[in-house]
Structure formats: structure tokens, C-alpha cells
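One structure, as C-alpha cells, below. Some questions next.
The values are calculated or read from the model by the stated rules, or taken from the named source; none is laboratory data. Remember, it's a predicted structure, so these values are computed and weren't measured experimentally. Glycine also receives a Cβ, built like all others from the backbone with ideal geometry; neighbour counts cover every protein chain displayed. What goes into the accessible areas is simple: the full protein's heavy atoms, side chains included, and nothing from ligands, DNA or RNA. Shrake-Rupley method; radii C 1.70, N 1.55, O 1.52, S 1.80 Å.
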Amino acid sequence: MHDHADHDHDHHHDNRYSDMQARVKALETVLTEKGLIDPAAIDAIVETYETKIGPRNGAHVVAKAWSDAAFAEWLNTDATAAIASLGYAGRQGEHMRAVFNTPETHNLVVCTLCSCYPWSVLGLPPVWYKAPAYRARVVIDPRGVLAEFGLTLPAEKKIRVWDSTAELRYLVIPERPEGTEGLSEQQLAGLVSRDAMIGTAIASAPGVVA
């Protein structure tokens, strides 16, 4: 069972290169053809920003919500302002909503029409997030898609799918793992992965594989 949060998609999505993106792509092509840069090296840098540097911002947001009840309430009522207070704002993250996982409900994010994604807190979107297969199937069979990511949820847990748009993007706040009461905010942030903030994984205590 899942509850698909519908939104009006009669608006502009980020499905074309911006002028800057087009310029960067053209420059990359020219430099590659001249043998001045290595595409593999660029891919490695992109991978770093996609999976490590970028998601650290979101992990900081989650860890603060876990350890600061007042911040968690602010994040729940005005995620855009709460996230901006930590210095994370800008393009692709102007309007945010935080959705909190609970023992009863697991949240999962998709953009069914393109690949709207909160870059300011999660870095670059993973390839699979932009893939038509994920965008189509996660709405129809979210439980099956999660199983393919290695996440099997209890049958009684509801899965809610949130459809990101150019106007509003979502950040999943995973449940805080048990046994982490004595950890610092920094240590808690280390438990939060990019995928957990999209909803295709959960946060795990140290030494526990999600």
C-alpha cells in the first residue's frame, strides 16, 4: 500500500541544460578532444560530490533534527528556513519540505517527470534517480523497488511516495537508529547516507548494515 502525494506538474521542470551547464559541457568536450583532461578523472570528481561531499549537508540537517527537538519542529513546519539557517540554500533547494519517517510510515522521494532534486542538501542526483525505470516504477510498486535496493520493510508499514517538482523538493528524515543516544551530532551525521535521505535506505547504528 502506498500513498502517492500528487502535485500539479503544469510547470517548468529542470529537464534542459541551463546556459551555464551547456557552456560547461561544451568546454569539457573541447578539452577532452584536445587531450587536456581525462573524462574518467572528471567522473571520479562528480562521484565524490554525488556520494560524499554533497550529502554531508543533508546529513548535518538530519543529525541536528535528531539531537535538537526545537530544530526538528522548525524543520517540520518550515524546512526551507530551518535548512537555510545551517547555510544550505540556493539553486535546486529554494523551497524544501522535510518528511519524517516514523514506525508507521516510510517516506520515499521521486520526480516522475524529470529529476528535480535538492542539490543544496544532497549534492548531485544519482543516475538511478533520473532513470525512467525508477521514476515510473516507484509510484506503482514502491515496496518492490525498495526490495531491489536491499530494503525490505514490514508489511504493515505504510510507504508514502512524494513527487518532487521544480517548485518543491523533499528531504526524508530517517528514523534515528536505536542505541545512538550517546553519539555527538557529528557522529550521528556519519550514520546518514544519501539514499536514506531519498528513502531507498534507512539509517543504521554504527557497525550495523542497513
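How many of the residues making up the stretch 187-202 are over 13 Å from Asn107 (Cβ atoms) and under 19 Å from the mean Cα position of the chain (by Cα)? Let's see the steps before the verdict.
The initial filter retains those residues of the stretch 187-202 that are over 13 Å from Asn107 (Cβ atoms), namely 187-194.
Among the residues that remain, those that are also under 19 Å from the mean Cα position of the chain (by Cα) are: 188-194.
Summing the residues that are over 13 Å from Asn107 (Cβ atoms) and under 19 Å from the mean Cα position of the chain (by Cα) in the stretch 187-202 gives 7.
Please verify whether the stretch 137-145 includes one or more residues that are open to solvent by 60 Å² or more (accessible area, probe 1.4 Å) and touching a strand residue (DSSP E or B) at 6+ places or on another chain (Cβ under 8 Å).
There is at least one residue in the stretch 137-145 that is open to solvent by 60 Å² or more (accessible area, probe 1.4 Å) and touching a strand residue (DSSP E or B) at 6+ places or on another chain (Cβ under 8 Å).
Same structure, new question: Against the condition in the same structural domain as Gly58 (by the TED database), among the basic types (Lys, Arg) and open to solvent by 20 Å² or more (accessible area, probe 1.4 Å), how does Arg194 come out, does it pass?
When the stated conditions are applied, Arg194 passes them.
Tell me, which helices (runs of 4 or more DSSP H) wholly within the stretch 53-124 include 1 or more residues that are open to solvent by 60 Å² or more (accessible area, probe 1.4 Å) and on the phi < 0 side of the Ramachandran plot?
Fully inside the stretch 53-124 and qualifying: 54-67, 69-77, 119-122.
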